[in-house]
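Here's the structure we're looking at; comments come further down.
What follows is calculated from the coordinates using simple rules that are stated; it is not laboratory data. On a predicted model such as this, the values are computed, not experimentally measured, just so you know. With ideal geometry, Cβ positions are generated from the backbone for all residues, glycine too; neighbour counts draw on all protein chains shown.
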Amino acid sequence: MAYALYLDAVHWGLATVGLTLLLVAAVSHRLSNTSITPAMVVVAVGVLAGPLLLDELAVAPTSSTVRRLAEATLAVVLFSDASRIDLRALRREAALPIRLLGVGLPLTIGLGALTALALFGSFSLSEALILGVILAPTDAGLGSAVVTDRTLPQRVRQSLNVESGLNDGICVPLLLIVLATASGAGGAAHPLHVLGEEIGYGLLGGLAAGVLAGSIVIFAGRGGLIEDAWRQIIPVAAAVLAYGIAAGLGGSGFIAAFVAGILFGLIARESAVSTMRFTEETGALLDTVTFLVFGAVLLGPALEHVSWQIALYAALSLTVVRMLPVAISLWGTHARGPTVAFIGWFGPRGLASIVFAVIVEDTYQVHIGTILTACYLTVGLSVLLHGLSAAPLVRRYAGWYAASADERPPAMEGGAAHEHRSRGPVLLPAARTD
């Protein structure tokens with residue numbers, strides 16, 4: 001009887017997922033013209049539907065279902081994001097993305113850790129760094145107009161696009177190192193294990209899968225050996241292969257997927273673009289389901305444990321902790337005030353933070369409740385606030401840019417940039433730019 005009730009709950013959970021996707025699809029075009037994003041809708045549905053399903057399902061954040069869904073989603077998205085970035089073109093215009101990733105990202109992690117130490121007095125430095133790394137990567141899909149609207153300065157939106165595409169992959173080894181350092185303090189593991197196995201085998205898996213997939217597209221494609229339908233399968237298969245090799249050897253599947261995506265884009269070049277549609281749509285679907293599960297399994301229960309310190313940390317994480325490092329990283333670029341504020345504000349926290357949090361809960365226990373609640377609340381607020389503000393702030397900033405360009409010569413904002421492909425909004429194509 002108990003098992004039958006459990007199966008019924010599973011079936012109703014699947015029905016909730018299917019119904020939510022159908023309803024969002026039914027109004028997707030209308031949503032594209034409002035400040036209500038699909039991510040906001042699915043998270044809200046998850047929060048509301050969660051209490052109706054969780055008692056019977058007894059789903060925990062550390063359950064294999066939640067973790068496997070989150071890991072599969074991030075692996076596909078990491079591969080897709082990495083393959084979008086044209087590294088050859090980026091070398092010619094890397095100054096701004098390098099500032100955001102090389103200066104802004106470490107400062108964001110450091111300031112996030114210092115803020116955690118100030119608000120959560122019982123935190124160790126390792127725990128503060130864990131929270132700082134979890135909430136450092138950004139997710140362009142939660143404010144897609146920022147990277148797709150062509151009325152914005154090209155350098156600004158493409159720099160945000162590149163930052164979002166690369167920072168989650170950069171944060172994976174950082175999180176592994178911090179976790180290993182924290183565990184090593186208790187004698188459970190040594191940081192060299194992370195450097196030697198997690199990262200090393202991750203690089204190996206990514207190298208093997210990326211080179212193989214890129215070579216197949218180039219050489220088999222030239223020989224006319226690939227059917228069009230199977231061409232779309234290649235990137236997904238490469239991401240799965242990279243993840244499987246690395247995980248099977250004891251390495252990081254996320255590093256492998258990220259490296260494989262970079263190599264695939266480098267080798268396949270223009271041919272990579274025509275093969276990515278199925279992978280990107282698969283990633284968007286998994287992304288949407290993950291946000292639905294996030295609302296039901298992670299955010300909803302976490303709201304019961306929010307304290308004023310956690311609420312303040314979430315607010316500071318989305319503002320000062322992000323915006324001050326961005327302002328410092330842009331020092332000397334001659335970027336004007338509205339540009340600094342615009343780039344600083346649009347650092348949404350999304351998929352990577354969710355997955356990192358699930359991984360941390362499964363591997364680390366000290367003060368884990370506070371870490372996770374702060375993470376989930378920050379992501380939930382980001383989904384809401386960045387979603388609501390994207391369209392109006394894009395219009396306002398674009399208007400300022402157009403007016404100021406007529407008044408004086410363009411500064412940093414006026415430079416041209418290579419068009420790297422952008423990740424569109426969850427379950428929606430990229431915003432129209434005509």
- Query: If the label point is 7 Å along Cα→Cβ of residue 65, which residues in segment 279-300 have backbone nitrogen under 15 Å from it?
  - Reply: 289-298
- Alpha carbon centroid spacing (whole Å) that separates segment 328-362 from segment 291-308: 22 Å
- Message: If each residue of separation counts as 0.36 nm, what is the full-extension length gain between residue 228 and residue 341 once their alpha-carbon separation is subtracted?
- Response: 36.2 nm
- Given a Förster distance of 41 angstrom, what is the FRET efficiency for residue 197 paired with residue 150, based on the Cβ-Cβ distance and rounded to 0.05? 0.40
- Roughly how many whole Å is it from the C-alpha centroid of segment 365-401 to that of segment 67-143? 14 Å
- In nm, give the distance between the simple-model label positions of residue 368 and residue 303, each being 7 Å from the Cα along the Cα-to-Cβ direction. 2.4 nm
- Message: I need the peptides 258-271, 18-31 ranked by packing, meaning the mean over residues of other C-beta atoms within 10 angstrom, with the highest value on top.
- Response: 258-271, 18-31
- Item | Relative packing of peptides 220-232, 386-398, 106-118 - highest average C-beta neighbours within 10 Å first | 106-118, 386-398, 220-232
- Which value, in debye to the nearest 20, describes the size of the charge dipole of segment 2-414 about its Cα centre when Lys and Arg Cβ atoms bear +1, Asp and Glu Cβ atoms bear -1, and nothing else is charged? 1160 debye
- Of 130, 339, 74, farthest towards positive along the dipole that unit charges on Lys, Arg, Asp, Glu beta carbons give segment 2-414: 339
